[in-house]
Amino acid sequence: LSGLAPITVLLERSAAKIATQSLVDIASGIKKVRMKKLGKSSLEQDIAKRLASLGLDEEMWPRVVNQINKHVETHPSMFSRSRKVKAINMKDWDDEEARDALAYGIARWTRQSIQQNDVGNLNIHMTSTMGKILTQFRAFMLVSHAKQFLHNIKRNDFAAYSAMMWSTLY
């Protein structure tokens, strides 16, 4: 009734496109340009940790990169050095495990970045009648604390701290 469901779907689709573009950029080596400036080993470790948190570990990521390089269609971007993803052609992928790992990683990225107040995000005591009364207008803030702030603290990298600083400043 609130009309927020279509907005949430739109935001999730946008986040999935951003996740796909970012993963294709990493796979195609676009991020190497920044690695030279910031210190290669530190940034590579941060990217490897981020990929592992998406389920794309050291064993699976090269397989995904191989499939991306073989099947993803891109065209030049007007705004950056990266190439804009036109189609990822998952139906043509030879390695089904790599395809599923990429799909899972994109879904995980999307669910992490878009806030939803569903029962699975809250403590069991907050979903009882008394818990709902006590946290009725604070549930979104509590979920965002767990999904964003605590995850970024655990990640402990430059991207996490910069995201926290930008949200504090703006």
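Among the candidates 168, 110, 129, single out the residue that is surrounded by 12 or more Cβ atoms within 10 Å (Cβ to Cβ) and not small (Gly, Ala, Ser). From the options 168, 110, 129, the qualifying one is 110. Here residue 115 passes the criteria (1) among the polar types (S, T, N, Q); (2) over 16 Å from the mean Cα position of the chain (by Cα); (3) not in a helix (DSSP H, G or I) except the one numbered (2). Within the stretch 142-159, the presence of a residue that is modelled with pLDDT of 80 or more and of a type in the set (Lys, Arg) is excluded.
Among the residues making up the stretch 70-97, those that are touching a residue at least 40 places away in the same chain (Cβ under 8 Å) and either on the phi > 0 side of the Ramachandran plot or open to solvent by 100 Å² or more (accessible area, probe 1.4 Å) (or both) are 81, 83, 84.
Can you confirm whether the stretch 70-85 contains a residue that is touching an Asp or Glu at 6+ places or on another chain (Cβ under 7 Å) and within 16 Å of residue 21 (Cβ to Cβ)? Yes, the conditions are met somewhere in the stretch 70-85.
For the stretch 95-106, the criterion of being in a helix (DSSP H, G or I), within 17 Å of the chain's Cα centre (by Cα) and charged (D, E, K, R) is satisfied by at least one residue. Is it the case that the stretch 127-135 has a residue that's small (Gly, Ala, Ser), at pLDDT 75 or above and in a loop (DSSP other than H, G, I, E, B)? Yes.
The helices (runs of 4 or more DSSP H) found wholly in the stretch 24-86 and carrying at least 2 residues that are modelled with pLDDT of 80 or more and either more than 18 Å from residue 157 (Cα to Cα) or over 20 Å from the mean Cα position of the chain (by Cα) (or both) occupy 60-71.
The values are calculated or read from the model by the stated rules, or taken from the named source; none is laboratory data. These figures come from a predicted structure and were not determined experimentally. FYI the Cβ positions are ideal-geometry reconstructions off the backbone, even for glycines, and counts take in every protein chain you see. Please note that ligands, DNA and RNA were not included when accessible areas were found on the heavy atoms of the full protein model with its side chains. Shrake-Rupley method; radii C 1.70, N 1.55, O 1.52, S 1.80 Å.
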